[in-house]
Amino acid sequence: MIQLNSAGKRYGNKLLFEGADLLITAQDRVGLVGANGTGKTTFLKILAGLESLDYGSASVAKGIDIGYLPQDGLALSGRTVFAECMSVFSRLQAIEKELEQLTSGMAEVDHTSAEYEQIADRYHHIEHEFRVHDGYAIEAQVGTVLAGLGFGPEEWYRQTEEFSGGWQMRIALAKLLLQKPNLLLLDEPTNHLDLESRNWLEEYLSNYPFAFVLISHDRYFLDITVNRIVEIWNKKIWTYSGNYEKYLSQKTQRQEQLEANYRNQRERIEQLEVFINRFRYQATKAKQVQSRIKELEKIERIQLPEEEKTIHFSFPQPKPSGRIVAEFVGVAKSYHKPCGSDRNVRATPAGTTHEVFRDVNFMIEKGDRIALVGVNGAGKSTLIKLLAGTEPLTAGEYQLGHNVQFDYFAQDQYKELDQDARMIDDIGRVSPSSRETDLRNLLGCFLFSGDEVFKRIGVLSGGERNRYALLRMLLHPANFLLLDEPTNHLDMRAKDVLLEALSKYTGTVVFVSHDRYFIDKLATRVFEIGGGRVEVYPGNYEDFLWRKQRGAEKLQEQVSASTQMSQSGNGHVGAGAPTRPADEQAASSNGDKPSKRLNPIKRKQMQARAQELEEKISELETSIAQCEASLQNFVSADETTRLTYELDQNRTELQQHVTEWEQIGQELEVGS
């Protein structure tokens, strides 16, 4: 598809890479990696035809359709989200309109005329093209992609200009995915995606029928999506087969082999030089000396690349706090959404009250490292603001523990910095005991190198100021850190330094991040936020996913059991109540039965209620199945919205009924 021969590129006086030979085929799924500033984005633009080479050549096969997504900078306006995505199918929409006109034309002319035959031929020709390109399902495709990228049906008909820059980039990504170019070029597509959207994009790209090249700082994302790694390193292009994990292993092996070859070559060169210097002036050895001189001249010297600096920095440890760091008791949070408010208040009409949390209870203990997860807009940032005290509670109580001192890193933390100060001076005041070399190394790890350390904070970009604000806070941490997306704008190297520092940190951390590797390595507990609730899961992110899966399987088993009971006619709970585990049955047989028995009238009422619940559970299961089947066939956005709302309501009601049914069954058994 695309071939580079001896390619090279400069950026001003800086050489990015040279001598690059690369072939991208139709089946390649390439991850482009390298430190910030090595030229990854420039390389992607060269593949997209937006930048030219300074050396060598690039050839593109005929008929190749290339789609390119930049990191940011796109602004869409003038259409709704759905219409903007539908614009990708302008050709198919034109065909659909012509088909309607031809249908009307055929109805108006004589079926035996030559004109009718001409119209019919044209109709069959373009209708075949329309069908081959899946024209009848384009609205369903748009709905699927928008839903996967986090747009609820209620947002499809909002104007694109109402959305923030990050969400506009999601719209641009949706358009590219719907376009399905032969070569897809994505520059950090996960930057503006939450975990659920990243998971969806992973699956989409895993099934993508054509080639793609992408830049990402998410290791898990690269591991799942790519089958080849291209690295820009030491001004060269290096290729590795396999995903990111295999790349790390192969790179280590390649480096070891290069170093071994270098040592062998140095030994041979030294042997030749010793022989030449020893016998240079002996006539009897002249022939052998000349032979070795020629051999020495022909040796192509192996150059070892500069070693990548591995930076380890120990952040100061905070003063210890009490065992209980923070506690929520019956906390609720809601706020009035005025007209024109921020888009993150999802699915709430302007001028209404939006409930974020209700009756939330949890305790945070010393040493906890808690990851907050949930879809964008669920309330992760709101919860951190409640913990930081920057947002008031609507109801309930929030208590901080003994000797707790918190520090809050917001997504716009840079606004609190001294805009006139130079970074190296400002960070020196924060950590006066650190040497300038250490401070420079740490700034370099957070992507500030060379003369950049002398920049004034006010001239930094938003992302650069956020990175600096995070570094500044970690140099003098409190014992309770509240971090809202600290991994934004960090490459893998900087994330590793941050991860290592927080792993050794003896205080307590609550953080939001969309990087699964970071969450998995750091978190000791996961708080899932959604539907006004906070569900607490022990362990890291992988443990959280496993427990979620187990919970879904258990619910399905319970629902299936209740359905079987209802269908078999065992309507009474006494005959069809949930079966107790063997150890509970054994305990009952050993005389451990409760002494209190149910009143016969209450027992009869409970049995009647159980029968009623079983019937409702069966009806809800049928209704859920019908809604899921209906959602497979797109009719209209309004109908999809209605079905989605109905499905959510039915699932919630089903869960409530199943829980109540189980409780009644347990009470009947205990009171028998």
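The values are calculated or read from the model by the stated rules, or taken from the named source; none is laboratory data. From a predicted model like this one, the values you see are computed outputs, not experimental measurements. Every residue, glycine as well, gets a Cβ built from its backbone with ideal geometry; the counts of neighbours run over all protein chains shown.
A few comments on the model shown:
- Considering segment 229-243, and only residues there that are more than 13 Å from Arg29 (Cβ to Cβ) and among the aliphatic types (A, V, I, L, M), the residue that is farthest from the chain's Cα centre (by Cα) turns out to be Ile237.
- Only one entry in Arg580, Arg609 is at pLDDT below 80 and either out of contact with any Pro (no Cβ under 6 Å at 6 or more places or on another chain) or within 30 Å of Gly148 (Cβ to Cβ) (or both), namely Arg580.
So that you can scan it fast, the table gives a plain yes or no per residue for (1) touching a residue at least 12 places away in the same chain (Cβ under 8 Å); (2) out of contact with any Pro (no Cβ under 8 Å at 6 or more places or on another chain):
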site: Ser513; (1), (2): yes, no
site: Phe527; (1), (2): yes, yes
site: Gly530; (1), (2): yes, yes
site: Val534; (1), (2): yes, yes
site: Tyr537; (1), (2): yes, yes
site: Asn540; (1), (2): yes, yes
site: Leu545; (1), (2): no, yes
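- Under the condition of being over 25 Å from Cys85 (Cβ atoms), loosely packed, with under 12 Cβ neighbours inside 10 Å and hydrophobic (A, V, I, L, M, F, W, C), the residues counted in segment 101-138 number 2.
- For segment 315-337, filtered to residues that are in a strand (DSSP E or B) and modelled with pLDDT under 90, the residue that is surrounded by the fewest Cβ atoms within 10 Å (Cβ to Cβ) is His336.
- The condition (being of a type in the set (A, V, I, L, M, F, W, C), without any contact (Cβ under 8 Å) to a residue 12 or more places away in the chain, outside any loop (DSSP other than H, G, I, E, B) and closer than 30 Å to Leu177 by Cβ) is satisfied by just one residue among Ala147, Ala140, Ala107: Ala147.
- Any hit, segment 247-257, residues being in contact with a Lys or Arg (Cβ under 8 Å, 6 or more places away or on another chain) and free of Cβ contacts under 8 Å to residues at least 40 places away in the same chain: no
- Residues within segment 379-419 that are in a loop (DSSP other than H, G, I, E, B) and farther than 24 Å from Leu490 by Cα, tallied: 11
- Filter result for the condition that a residue is assigned to a helix (DSSP H, G or I) and more than 40 Å from the chain's Cα centre (by Cα), over Glu98, Glu127: Glu98
- Some residue of segment 302-314 being in a loop (DSSP other than H, G, I, E, B) and at pLDDT 90 or above: no
- Selection count where residues are in contact with a strand residue (DSSP E or B) (Cβ under 7 Å, 6 or more places away or on another chain) and farther than 14 Å from Lys45 by Cα, scope segment 6-16: 1
- Pairs with Cβ under 6 Å, 6+ apart, first in segment 318-337 and within 17 Å of Ser381 (Cβ to Cβ) and in contact (Cβ under 8 Å) with a residue 12 or more places away in the chain, second surrounded by fewer than 21 Cβ atoms within 10 Å (Cβ to Cβ) and of a type in the set (Asp, Glu): Ser334/Glu355
- Residues of segment 445-497 classified as under 12 Å from Phe409 (Cα atoms) and in contact with a His (Cβ under 8 Å, 6 or more places away or on another chain), total: 4
- Positions within segment 9-31 being modelled with pLDDT of 90 or more and under 19 Å from Leu176 (Cα atoms), in sequence order: Asp28, Arg29, Val30, Gly31
- Residue count for segment 266-301 under the criterion of being within 53 Å of the chain's Cα centre (by Cα), among the aliphatic types (A, V, I, L, M) and assigned to a helix (DSSP H, G or I): the result is 1.
- Residue match in segment 144-153 (condition: surrounded by fewer than 15 Cβ atoms within 10 Å (Cβ to Cβ) and touching a Phe, Trp or Tyr at 6+ places or on another chain (Cβ under 7 Å)): no
- Screening Thr348, Thr352 for residues that are more than 29 Å from Asn441 (Cα to Cα), β-branched (Val, Ile, Thr), modelled with pLDDT under 80 and surrounded by 13 or more Cβ atoms within 10 Å (Cβ to Cβ) leaves exactly one candidate, Thr348.
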